[in-house]
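Q: This is the structure, below, for whatever I ask next.
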Amino acid sequence: MPNSKLTESTCQEIIIFGGVGDLAWRKLLPALYLAHAHSRLDTDCRIICIGRQDWSREDYIAFVEKSSKPQIEAADLLEKTWGGFLARLDYVCMDVTQSESYQRLAAQCQMDATRVFYLATSPSLFIRICACLDEARLINPTSRLVLEKPLGHDLPSAQAINMAVARHFEEHQIYRIDHYLGKETVQNLMVLRFGNAIFEPLWRAPYIRQVQITVAETVGVGSRAGFYDQTGAMRDMVQNHLLQLLCIVAMEAPLSLDSDDVRNEKLKVLRSLPRMDLASVRQFTVRGQYTAGSVGNEKAQGYLQEDNVRAGSPTETFVALRTQVNNARWAGVPFFLRTGKRLQHRRSEIVIDFAQPAFSIFADQPAAAQPNRLVITLQPEESIQLQMMAKEPGSGMNLTPVHLNLDLESAMVGRRAEAYERLLIDVVKGRLTHFMRRDELEAAWRWADPILEGWTQLGQPPRPYAAGTWGPAAASALMAREGGTWFEES
Ligand code: BG6
């Protein structure tokens, strides 16, 4: 699917659909403020926010002052700069399903401007919005479209959106966002793998014994329960964020950083993931749902007690599963993925366990059974740790594990842009590398759908786990069956 017509141009209008929504005020506007504060936006670039509320521009500005401003760290907030940012903002009240109302938007836009349309709305509106934009002649060859996840709820719905959107935008104009691809450490993973000589020769079977990818959250579903209850952890996190991490861990070196080169390699990984039949779903997946408990020192209610969750809802808030990448590099290496809400700690990490030496003169020592282990922590802190064996001081030749620690935050001074800021700048500059291509997204659904269908067929409720734990015991059993443990258990 050729689509790498990269244009390093900038943009004059950023139009945010869903301008009053959670994502806009919590993430997008603060990120755009930071881009503005660091001179990453063109001086004449305007930000036009769209909402259903019958507000004037002043009303909207007041809303942004109240909602978005507190999201910005005090150290980054300068009143004069904030004022300059607000001057870029406009607000248009419209019903985005009504084609007539797009005239109101057109009246705010300049002829032939390079514009970004950011659809921070429910995916059910994507198709309609694109058709109306086209009818109102607001799309031109320099326009870009940003689509928020989840893009569809299964393969057919994702294909329907992709097909409909393709009637109005070329593939190289479409930015399917997965904010994990904008995280510093996720991007750094590619540098770690392909910018260093030491890991790559060992980055394969049989030298790697297993890979774990965990994205653990302490938050519950909060005010998003209405959305989340229809979605669940598989669609909200695994199908996108965790699979993208897996792709970066498992992909071959791309020919270059060009968007198609990178995305071709990620696509190959997604296509190498075996689709699960019902027996595999039963054996290799665990779904859970949190019950009341406490996270840190705070009491947390159970998922079923959250506002807007259906009574007896079967939605999973936790998933653990085992998969593998069926290609020459990874044959036989299990990949364990895990994510959940209301877990014990907020931690995202990738753990690579290396195999034991083929022959060891220390085989009689229990410590020798511990693998060399590379732990890449994405959040809350950014670090890389390599567990190795060293000699315990003294007269014997006793092994003891030691850690080589690289604390990336203190090793690298300087500002680190947040994921949304970095990705928004990429969109503004026309850089597609860190966005998902259509075939990638569809391949991810092709893998996820049989698991979701398997769960429906099995008809078992998710396993309960108390808030503040590491999920259902079955997740540990999944690992234990292959002689492993999750990182925090070892
Ligand atoms: C979002 C999910 O995509 O990612 C949320 O919809 C989740 O449910 C969030 O909380 C996690 O992102 P981060 O950057 O906080 O790890």
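Q: How many angstrom separate the Cα center of region 198-261 from the Cα center of region 426-490?
A: 8
Q: On to the next question. Using helices alone, what [θ] at 222 nm do you get for the chain, with -39,500 (n - 2.57) per DSSP H run of 4 or more residues, divided over all residues and rounded to the nearest 500?
A: -8500 deg cm²/dmol
Q: On to the next question. Check Arg144: other-chain or 5+ apart residues with amide H under 5 Å from its amide H, H built from backbone geometry?
A: Arg115, Val116, Phe117
Q: While we're here: Stretched out fully, how many nm does the piece from Glu453 to Ser410 gain, at 0.36 nm a residue minus the Cα gap?
A: Full extension from Glu453 to Ser410 adds 10.9 nm.
Q: What does the extension gain come out to for Glu135 and Glu488, with contour length at 0.36 nm per residue minus their alpha carbon separation?
A: Working: separation 353, 0.36 × 353 = 127.08 nm, distance 5.44 nm.
Working it through step by step, the gained length comes to 121.6 nm.
Q: Got a number for the accessible area of Ile208? Probe 1.4 Å, square angstrom, nearest 10.
A: Taking all protein chains as shown, Ile208 has close to 0 Å².
Q: Counting other Cβ atoms within 10 Å of each Cβ, which GluC sites (Glu not before Pro) in region 73-129 have at most 10 and sit in a DSSP loop?
A: Passing both the DSSP loop test and the Cβ count: Glu73.
Q: Calculate one ³J(HN,Hα) per residue across region 470-479 by plugging θ = phi - 60° into the Karplus curve 6.51 cos²θ - 1.76 cosθ + 1.60, and present them in order as whole Hz with x for glycine and proline.
A: Whole-Hz 3J(HN,Hα) from phi for region 470-479: 9, x, x, 4, 4, 5, 6, 5, 4, 6.
Q: Mind listing the phi-derived Karplus ³J(HN,Hα) values for region 23-40, rounded to whole Hz, using 6.51, -1.76 and 1.60 with θ = phi - 60°, and x for any glycine or proline?
A: 5, 5, 6, 7, 10, 5, 5, x, 5, 5, 4, 5, 4, 5, 4, 9, 6, 9
Q: Oh, and also: Do the alpha carbons of any pairs in Lys27/Lys268; Lys66/Lys149; Lys183/Lys429; Lys27/Lys266; Lys183/Lys341 sit beyond 23 Å of each other, and which pairs?
A: Those over the limit are Lys27/Lys268; Lys66/Lys149; Lys27/Lys266.
Q: Related question: Grab the Cα-Cα distance for Leu77 and Phe199, subtract it from 0.36 nm times how many residues apart they are, and report the gain in nm with one decimal.
A: Once the chain is fully extended between Leu77 and Phe199, it gains 39.8 nm.
Q: Kindly express, to the nearest 10 degrees and within the range 0 to 90, the angle between helix 155-166's C-alpha long axis and the longest C-alpha principal axis of the chain.
A: It is inclined by approximately 40 degrees.
Q: Follow-up question, since we're still on this one. Quick one: pull the percent of accessible area on the chain belonging to carbon and sulfur, 1.4 Å probe, ligands and nucleic acids left out. Let's see the in-between values first.
A: Numbers: 11260 of 21210 Å².
On the chain, the fraction of accessible area on carbon and sulfur atoms equals 53 percent.
Q: Quick one: angle between helix 438-458 and the longest Cα principal axis of the chain, in degrees between 0 and 90, rounded to 10, please.
A: 60
Q: Through the Karplus equation 6.51 cos²θ - 1.76 cosθ + 1.60, θ set to phi - 60°, convert the phi angles of region 252-263 into ³J(HN,Hα) values in whole Hz; use x for Gly and Pro.
A: 6, 5, x, 5, 7, 8, 4, 4, 5, 4, 5, 6
Q: At a Förster distance of 41 Å, what's the computed FRET efficiency of Asp42 paired with Phe362, Cβ-Cβ distance as r, to 0.05?
A: Values: r = 61 Å, r/R0 = 1.50.
For Asp42 and Phe362, the calculated efficiency is 0.10.
Q: Quote the relative contact order of region 32-144 in percent (integer), defining contacts as alpha-carbon pairs under 8 Å separated by 6+ residues.
A: RCO, region 32-144: 30 percent.
Q: May I ask you to derive the FRET efficiency for His403 and Lys429 from their Cβ-Cβ distance with R0 = 45 Å, giving the value to the nearest 0.05?
A: Values: r = 38 Å, r/R0 = 0.85.
After rounding, the FRET efficiency stands at 0.70.
Q: Using a simple charge model, +1 on the beta-carbon of Lys and Arg, -1 on the beta-carbon of Asp and Glu, nothing else, what dipole does the chain show about its Cα centre, in debye to the nearest 20?
A: Numbers: 53 positive and 57 negative charges, 133 e Å.
Dipole size: approximately 640 debye.
Q: Can you list the residues, at least 5 places off or on another chain, whose amide H is less than 5 Å from the amide H of Arg463, using H built in the peptide plane?
A: Arg287, Gly288, Gln289
Q: Can you list the residues, at least 5 places off or on another chain, whose amide H is less than 5 Å from the amide H of Val295, using H built in the peptide plane?
A: Ala300
The values are calculated or read from the model by the stated rules, or taken from the named source; none is laboratory data. This one's a predicted model, so the numbers in the text were calculated from it and none came from an experiment. Note that we place each Cβ from the backbone using ideal geometry, even for glycine, and neighbour counts take in every protein chain shown. Please note that ligands, DNA and RNA were not included when accessible areas were found on the heavy atoms of the full protein model with its side chains. Shrake-Rupley method; radii C 1.70, N 1.55, O 1.52, S 1.80 Å.
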